[in-house]
Every structure is written in structure tokens, then in C-alpha cells.
1. Determine, for each peptide in 45-52, 81-88, the mean count of other beta carbons within 10 angstrom over its residues, then list the peptides with the highest first.
2. What order, most packed first, do the peptides 168-180, 263-275 have when packing is the mean number of other Cβ atoms within 10 Å of each residue?
3. How do 19-30, 91-102 rank on mean C-beta neighbours within 10 Å, highest first?
4. Relative contact order of region 151-306, please, whole-number percent, based on alpha carbon pairs below 8 angstrom and at least 6 residues apart.
5. Just grab the label-to-label distance for residue 258 and residue 77, each label 7 Å out from Cα along the Cβ direction, in nm (one decimal).
6. How much length, in nm to one decimal, is gained on full extension between residue 104 and residue 69, taken as 0.36 nm per residue of separation minus their Cα-Cα distance?
7. I'd like the antiparallel share, as a percent to the nearest 5, of DSSP beta bridges with both residues in the chain.
8. Give me the Å³ per residue figure for the convex hull around the C-alpha atoms of the chain.
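Please treat every number below as a calculation from the coordinates, not as lab data. Source: prediction; values computed, not measured. Note that each Cβ is placed from the backbone with ideal geometry, even for glycine, and that neighbours are counted across all protein chains shown.
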């Protein structure tokens with residue numbers, strides 16, 4: 001067998017489903033083991049590689065030149081399954097790294113490296129069997145470690161959710177727990193996006209009843225709240241790298257919500273004033289800005305509407 005065929009056989013022995021018993025997955029395993037054509041299985045290591053690094057290894061060592069748009073296929077149809085099978089760890093050097101970070105990397109797990117090194121030897125069967133026997137506990141331990149790094153979110157109705165790590169989700173939590181509590185107390189959380197899970201809250205029936213097209217939920221802002229007493233819909237963009245409520249974004253959302261009859265409040269949220277300054281020129285008039293480090297204040301891009309003297313503790 002060729003080295004790639006051996007890698008596929010190794011994955012088959014480790015119980016990977018047929019969809020991952022292919023050249024792409026075999027090459028991924030070899031890249032994560034640092035094994036070129038001339039290396040033996042006993043020489044396997046545990047380099048931490050980004051998806052682009054894995055693809056570069058495939059090209060240099062095995063002459064397989066995947067197109068740049070194949071990165072998502074490798075991530076979703078190979079690396080994700082290897083992670084689930086506890087063969088691969090994601091971001092073992094920093095569990096708090098956001099899922100969509102350009103620095104996201106993968107490495108062979110400590111449990112799997114011993115199986116890879118033993119491939120082709122008389123010890124392989126026993127090492128493989130030991131790995132498979134402890135697979136359940138390995139998964140549980142891994143999920144616990146990931147859970148520690150997740151961002152907890154307490155909804156106004158008392159439900160506790162957990163979001164994937166990263167500044168963006170930390171800001172979304174602050175929007176709901178701090179901004180919402182001050183400026184939309186008791187509001188119902190209708191939508192919260194998440195970089196790893198697309199969304200963690202999606203109240204489709206309520207959104208639809210308010211005239212929000214549920215078929216376009218991927219076009220919604222990061223957080224949507226409904227304040228029932230005032231009957232206001234808060235549409236909030238949480239900005240850590242891009243995406244304030246600009247004139248263009250405002251127009252897009254207004255067009256999408258053309259059948260929504262309740263009043264809408266557009267908010268761009270930032271973690272710090274410094275972040276706000278970076279995007280101040282892009283923010284649309286007739287919208288609001290909230291900054292997490294000054295949670296008790298709101299900046300109104302609304303002209304004469306709020307003009308007036310400041311009195312006392314107002």
C-alpha cells in the first residue's frame with residue numbers, strides 16, 4: 001500500500017465512517033502526524049497546523065494541490081469528524097480562541113498519537129483496542145475542557161446557555177445581560193447568533209408573528225430583542241472586527257423588514273471606546289451606539305430628537 005492508503009486504513013481501524021475513509025482524510029492524518037513519504041509511522045509527531053498549513057503540507061509532501069476554497073470542505077468534512085473521534089484536538093494551545101479565528105489550529109490528540117505511532121507494528125491491535133475502549137471517556141473529558149472555555153449567557157427568562165469562546169460572544173452576552181437590563185428590561189431574546197453554532201437562540205414563530213422573514217435568519221443582526229411594553233424591536237450588531245449598523249446595513253435590514261409593523265431600534269455595540277472610534281464614521285444616523293465598558297450610557301446618532309439640557313442624574 002502507498003502511505004496515503006495506509007493512512008486511510010489507519011482511519012478505518014479507528015472507526016471513522018466511510019465518508020472519511022478517503023484520500024483527503026488520509027492526507028490530513030499524515031499532515032497532522034508530520035509524516036512525509038520517506039518517514040515511518042514511528043516518526044509521527046504532533047505539530048499544530050492551521051487548515052492552510054495542512055493543505056500546504058499535502059501539496060509539498062504528496063503533490064496534492066487542493067484549491068483555496070477546499071479549506072471549508074477539509075474543516076467540515078474531515079477535521080470535524082476527526083475531532084469528534086478524539087483523534088484531533090482543536091486549539092489545544094488556547095481553548096479560548098474563537099472558532100472563526102484565522103489562528104485556529106489542529107493537532108493529534110495525546111491519546112491518538114500512540115495509535116498512529118504503533119501502526120504497522122505487532123502492537124497496533126492492542127493499542128487501537130485500548131483507544132477505542134476509552135473513547136467515551138476521552139470524549140467526555142474533551143467536552144468538559146471545551147465547556148470551561150465557553151461563554152455563559154443568562155437569558156432574562158432564567159435559561160442559561162453557553163456560547164463558543166471569543167470576544168464577539170463575550171460582547172453579545174454583555175449586550176443581553178447589561179444593555180438589555182438597562183435599556184430594554186424584561187425584553188424577550190428572539191435571536192442570538194454564534195460563530196460556532198450559527199445561532200443559540202432562534203424564536204422563529206415569534207419572529208414570524210412580528211413580520212420578520214424567518215427564511216432570511218442568516219441576514220439578521222447578531223442579537224434581536226423584543227421589548228413588549230413599548231413594542232420595540234431591538235436590532236443589535238455586536239462589533240469586534242466588522243459590521244456596524246452603517247447606512248448600507250440599515251437600508252438592507254429595513255428592506256428585509258418591510259412587513260414588520262412594530263417600531264425598530266438599531267444599535268451598534270462595542271466592547272470599548274477605542275473600538276467605537278474605529279467605526280464612528282460608518283455608523284448610520286437615526287441609530288444608537290452602546291459601549292460595554294460604559295454600560296449605563298447610550299450614544300444617540302439622532303440629531304435634534306434628544307437635544308436638551310442635562311439635569312442632575314438623568
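1. Numbers: 45-52: 16.2, 81-88: 20.8.
Averaged packing, sorted descending, gives the order 81-88, 45-52.
2. Details: 168-180: 21.8, 263-275: 19.0.
Those peptides, ordered most packed to least, come out 168-180, 263-275.
3. Values: 19-30: 21.2, 91-102: 15.2.
Descending mean neighbour count gives 19-30, 91-102.
4. Details: 275 pairs, mean separation 28.7, N = 156.
The normalised contact order for region 151-306 reaches 18 percent.
5. Label-label distance for residue 258 and residue 77, simple model: 3.7 nm.
6. On the way: separation 35, 0.36 × 35 = 12.60 nm, distance 1.68 nm.
Here the segment from residue 104 to residue 69 would lengthen by 10.9 nm.
7. Within the chain, antiparallel bridges account for around 70 percent of the total.
8. On the way: hull volume 51.1 nm³, N = 314.
Once divided by residue count, the hull of the chain is 163 Å³.
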